[in-house]
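The values are calculated or read from the model by the stated rules, or taken from the named source; none is laboratory data. These numbers were taken from a predicted model, which means no experiment stands behind them. As a convention, Cβ positions derive from the backbone with ideal geometry for all residues, glycine included, and neighbour counts pool all protein chains shown.
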Amino acid sequence: MSAEHYRFPFFIIFRPFQGFWDLKYEKMGNVKIAIVIVFLMALTSIIQRQFAGFLVNYNNLRELNSLDELQFVVLPFFLWCVANWSLTTLMDGEGTFKEIVMAAGYALLPMIVINLPLTLFSNVINLEESAFYYFFQSVGFVWFVWLLFVGTMTIHQYTVTKTVVTMLLTLVVMGIIVFLGLLVFSLVQQIVAFVYTVYQELQLRR
């Protein structure tokens, strides 16, 4: 990978229309970098939950588990990619799964850039200044949603309306996938419990 590939995510967050166009048609994106950004986002989330100032941190630090925290970033990210790819395949989307992963991964970068300094800032602010913490945190999230919107619209070559509908439907599909996953997990548990019970009964009859 060239230095240009490492600079490209920062180019995207400031010039998203040109950036996502280059990602799709000039092949400027890189899946490995996108995945690294996702895990950096997870790491940032862990740091923020554990080290943010007490005025803005309502987590019980004794109950936090860093590995469990990964599920709040990594799992939704891959659910979004799978759901969006599944949906846009049926809606004439032009984006590939690889492009969806890169677009969603690069879109997370503003939250990393903003949340890390915010974590430090939260330890030196007073109650009145905590409003600035929530403001900049909201800015990072809105910036992320904007980039995700532009990325989705560009890689699939959708209109604004179709992009909004697709993103909302993607959230619905994510919920369906989670529901079906939990349902299958529950059924497997019941089958395993039934087989184990039958096995125990056979053992007792010997």
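Structure summary
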| read-out | value |
| --- | --- |
| Conditions (1) closer than 21 Å to Gly175 by Cβ; (2) at pLDDT below 90; (3) surrounded by fewer than 15 Cβ atoms within 10 Å (Cβ to Cβ); number of the one not met by Glu63 | (1) |
| Within region 79-103, tally of residues that are among the hydrophobic types (A, V, I, L, M, F, W, C) and crowded, with 24+ Cβ neighbours inside 10 Å | 3 |
| Residue match in region 68-88 (condition: modelled with pLDDT under 85, among the aromatic types (Phe, Trp, Tyr) and either outside any loop (DSSP other than H, G, I, E, B) or touching a strand residue (DSSP E or B) at 6+ places or on another chain (Cβ under 6 Å) (or both)) | yes |
| Hits in region 38-59 (condition: assigned to a helix (DSSP H, G or I) and either of a type in the set (Ser, Thr, Tyr) or touching a strand residue (DSSP E or B) at 6+ places or on another chain (Cβ under 8 Å) (or both)) | Thr44, Ser45 |
| Some residue of region 10-17 being exposed (fewer than 13 other Cβ atoms within 10 Å of the Cβ), touching a residue at least 24 places away in the same chain (Cβ under 8 Å) and either in a helix (DSSP H, G or I) or within 15 Å of the chain's Cα centre (by Cα) (or both) | yes |
| Only one of Lys32, Lys24 that is buried (at least 18 other Cβ atoms within 10 Å of the Cβ) and in contact (Cβ under 8 Å) with a residue 24 or more places away in the chain | Lys24 |
